[in-house]
Amino acid sequence: MICKLALLVAAAAVASAQYGHHYPAHGYGHGYEGHHDDYHHAPQPYDYGYDVKDDYGNKQFRKETGDGKGGVKGSYGYVDAHGIHRQVDYVADHHGFRAQVKTNEPGTANQNPAAVGVHSAAPVHVHAPAYAAPSHYAPAHHAGPHYAPSHHIPYRVPKYAYY
């Protein structure tokens, strides 16, 4: 009996040894590492932009041009229904990123932080709202129905005899 058991254990050891572990001995291995090719293309000249105006009078815009040598020049901004605007003109090239901001937003002043020029104009004063003021709704209170019995049934307290 012991001989059969030893033979069975030896056969199992030989069978499992032929498969072996083909995993690296460290960490969790490489996981699901995908294969990808690195494509290096020279910069191409491009030109794009958009100009969007919504139903409330707000406008957003952007225009950008790439010169094909890594330089980019463009502008973006918005104008809201109250006349408050911001326009950012920028250049990005081998000298770095440079921007000029033109705005009339309240609370801004002419300044030059981090080599970005901010040119602030006087804010626009709007006398009429660009949208209707919200209506005030108060919850309506209705007294709930009051149900009373149509007839009166007197309650008689039971009487117990004490022994």
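Put simply, the C-alpha atoms of the stretch 34-85 give a gyration tensor, and the ellipsoid matching it has half-axes of 35, 15, 8 Å, longest first.
In terms of the mean number of neighbouring beta-carbon atoms within 10 Å, the peptides 80-89, 55-64 order highest first as 80-89, 55-64. Under a straight-distance cross-link criterion of Cα-Cα below 29 Å, which lysines are reachable from residue 102, leaving out those fewer than 8 residues away in the same chain? Leaving aside lysines fewer than 8 places away in the same chain, those within reach of residue 102 are 53, 59, 63, 69, 73. The gain in end-to-end length when the residue 108 to residue 55 segment is fully stretched comes to 16.3 nm, 0.36 nm per residue minus the alpha carbon separation.
Per-residue extension of 0.36 nm, minus the Cα-Cα distance of residue 161 and residue 146, leaves a gain of 1.4 nm for this segment.
Throughout, read-outs are computed from the coordinates displayed, never taken from laboratory work. Every value quoted in this text rests on a predicted model; they were computed, and no experiment measured them. Counting neighbours? That spans all protein chains shown, and the Cβs are built from the backbone with ideal geometry, glycine included.
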